[in-house]
Ligand code: INI
């Protein structure tokens with residue numbers, strides 16, 4: 001039997017973080033969490049690229065461009081969709097999730113999902129360094145582990 005345990009060693013990995021400006025009061029905190037999660041696990045600052053996009057709806061396209069570039073071992077997608085603010089909530093949230101998954105499946109590059117979908121701004125802040133932790137930081141660990149797993153399974 002072969003078992004591959006989660007490997008969170010980020011040394012030498014190159015990571016692109018795609019982050020949405022919409023709801024910047026939350027996404028900036030997610031970005032800080034993602035950057036510290038990467039750095040704490042050994043990813044060099046020079047190996048981190050941050051790509052800003054207008055909103056979560058634009059996140060999938062940028063994840064696709066970065067994944068197809070061949071320059072990154074993993075991509076982290078960050079955004080925040082708050083239900084109270086838009087009738088388009090369902091469309092934006094579902095298209096962001098579907099597009100991110102499609103990028104990962106089509107390119108083989110791990111793309112991890114750090115797009116918050118919340119009812120209220122308070123719920124979003126709770127997940128961006130508040131009472132529920134920082135989903136950006138969790139996404140960073142997931143990105144490293146998936147990049148390592150891909151190397152092991154290749
Ligand atoms: N984008 C978000 O990331 N979160 C939101 O809550 C949001 N709301 O509420 O509308 C939002 N809209 C912008 C959207 O992602 C696109 O940038 C825009 O539709 C242009 O394509």
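Values computed for the structure shown
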quantity	calculated
Rounded to 10°, Cα long-axis angle of helix 135-153 versus longest principal axis of the chain	30 degrees
Enclosed volume per residue, in Å³, of the convex hull spanned by Cα atoms of region 74-136	63 Å³
Helix axis angle, 59-68 relative to the chain longest principal axis, alpha carbon, degrees	20 degrees
Neighbour-count order for 144, 92, fewest beta carbons within 10 angstrom listed first	92, 144
Rounded to 5, percent antiparallel among DSSP beta bridges of region 18-154	15 percent
C-alpha long axis of helix 24-40 to longest principal axis of the chain, angle in °	20 degrees
Value of [θ]222 nm, deg cm²/dmol, for the chain, DSSP H segments ≥ 4, -39500 (n - 2.57) each, nearest 500	-15000 deg cm²/dmol
Highest to lowest packing among 65-73, 41-49, scored as the average C-beta count within 10 Å	65-73, 41-49
Most mobile of 38, 78, 116 in a GNM of the chain (Cα contacts under 10 Å)	116
Space enclosed by the convex hull of the alpha-carbon atoms of region 15-149, per residue, Å³	87 Å³
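No lab work stands behind these numbers, since they all come straight from the coordinates. Computed from a predicted model, the values in this text were never measured in an experiment. Please note: Cβ atoms are built from the backbone with ideal geometry, for glycine as well, and neighbour counts cover all protein chains shown.
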